[in-house]
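Q: Have a look at the structure that comes next, please.
The values are calculated or read from the model by the stated rules, or taken from the named source; none is laboratory data. The model shown is predicted, which means the values in this text are computed figures rather than measured ones. Here the Cβ is made from the backbone with ideal geometry for all residues, glycine too, and neighbour counts use every protein chain on show.
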Amino acid sequence: MQNQYDPRMTGVNAATVGVPRAARDAGLRSYMLSVYNYMASGVLLTGIVALLFAGSGYAAQVMATPLSWLIILSPLAIVFAMSFGVNRMKTSTLQALFWTFAVLMGLSMSTVFLVYTGTSVAQTFFAVSAAFLGLSLFGYTTKRDLSGMGTFLIMGVVGLLVAMLINLFLQSSTMALAISAIGVLLFAGLTAYDTQRIKSMYAYVQGTDMVGKTVIMGALTLYLDFINMFQFLLSFMGDRR
């Protein structure tokens, strides 16, 4: 059965028939701006929470206890809840979950400020920000269909997760370095792919109650691309304390 919300589908959405091109373009720009605003606000909130939690001295204490597992795994649980419950949840519920996710990620990532120097964290953040902007702009403007590349990248992420699990037992510094380098490349590619996918989704949700939900889920996707690229690059080139 055809899925009207599948961004990989081609064709014209019935909601866009008879709508002037200028109006559609303005709607698309507003839609993408909302996605980027949510994503950037989420990253900013995460950074503020991480910095304050690390600076308070509580991060070092809490993350050394079993409570750390709850902090680390809670964001993952929220991502699954949002992904599988998007059709049932209200837009306001997804918004609340997104902000909760950003706060919990801040608590989880507070260890970054304990392990790496502040200069190293700042340099990596700005490097990733510049790369993200360029890659996302490419995904937004390119006429090339990136869906084939997306399939390859997602398979690569699965392989990367397997390699990370294996290295938990091997504790190989060389393998960890390779994982970080490959991780940066994979999520760099996913940034462009996901941007194009989110953009193409607009044609299928325009004029429906799915627009608000798609904005939140799109912001979550780009947030994850940014954060993963940041963490892998920091592991690859960051200076430890």
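Q: Within segment 62-72, is even one residue part of a helix (DSSP H, G or I) and at pLDDT below 90?
A: No.
Q: Is it true that some residue in segment 189-198 is closer than 23 Å to F101 by Cα, in a helix (DSSP H, G or I) and touching a Pro at 6+ places or on another chain (Cβ under 9 Å)?
A: yes
Q: Among the candidates V184, V205, V162, V215, which residue alone is buried (at least 16 other Cβ atoms within 10 Å of the Cβ) and more than 17 Å from the chain's Cα centre (by Cα)?
A: From the options V184, V205, V162, V215, the qualifying one is V205.
Q: Any idea which of (1) part of a loop (DSSP other than H, G, I, E, B); (2) within 20 Å of the chain's Cα centre (by Cα) is the one L107 doesn't satisfy?
A: Going through the list (1) part of a loop (DSSP other than H, G, I, E, B); (2) within 20 Å of the chain's Cα centre (by Cα), L107 breaks only (1).
Q: Would you be able to say whether some residue in segment 226-241 is within 24 Å of L161 (Cα to Cα), basic (K, R) and modelled with pLDDT under 95?
A: Checked segment 226-241: at least one residue is within 24 Å of L161 (Cα to Cα), basic (K, R) and modelled with pLDDT under 95.
Q: Taking S110 as meeting all but one of (1) crowded, with 19+ Cβ neighbours inside 10 Å; (2) closer than 23 Å to A203 by Cβ, write down the number of the exception.
A: Of everything listed in (1) crowded, with 19+ Cβ neighbours inside 10 Å; (2) closer than 23 Å to A203 by Cβ, S110 misses just condition (2).
Q: Take the residues of segment 60-92 that are farther than 30 Å from D209 by Cβ and β-branched (V, I, T): which is surrounded by the fewest Cβ atoms within 10 Å (Cβ to Cβ)?
A: Filtering segment 60-92 down to residues farther than 30 Å from D209 by Cβ leaves 60-73.
Then drop every residue that is not β-branched (V, I, T), which leaves 62, 65, 71-72.
On the way: V62: 16, T65: 10, I71: 21, I72: 16.
By that ranking, first place goes to T65.
Q: Whether any residue in segment 161-184 is in contact (Cβ under 8 Å) with a residue 12 or more places away in the chain, aliphatic (A, V, I, L, M), part of a helix (DSSP H, G or I) and over 25 Å from Q123 (Cβ atoms) is what I want to check.
A: Scanning segment 161-184, I find at least one residue that is in contact (Cβ under 8 Å) with a residue 12 or more places away in the chain, aliphatic (A, V, I, L, M), part of a helix (DSSP H, G or I) and over 25 Å from Q123 (Cβ atoms), so the answer is yes.
Q: Any idea which residue in segment 110-151 is nearest to the chain's Cα centre (by Cα), counting only those that are more than 25 Å from Y193 (Cα to Cα) and assigned to a loop (DSSP other than H, G, I, E, B)?
A: So the residue we want is S110.
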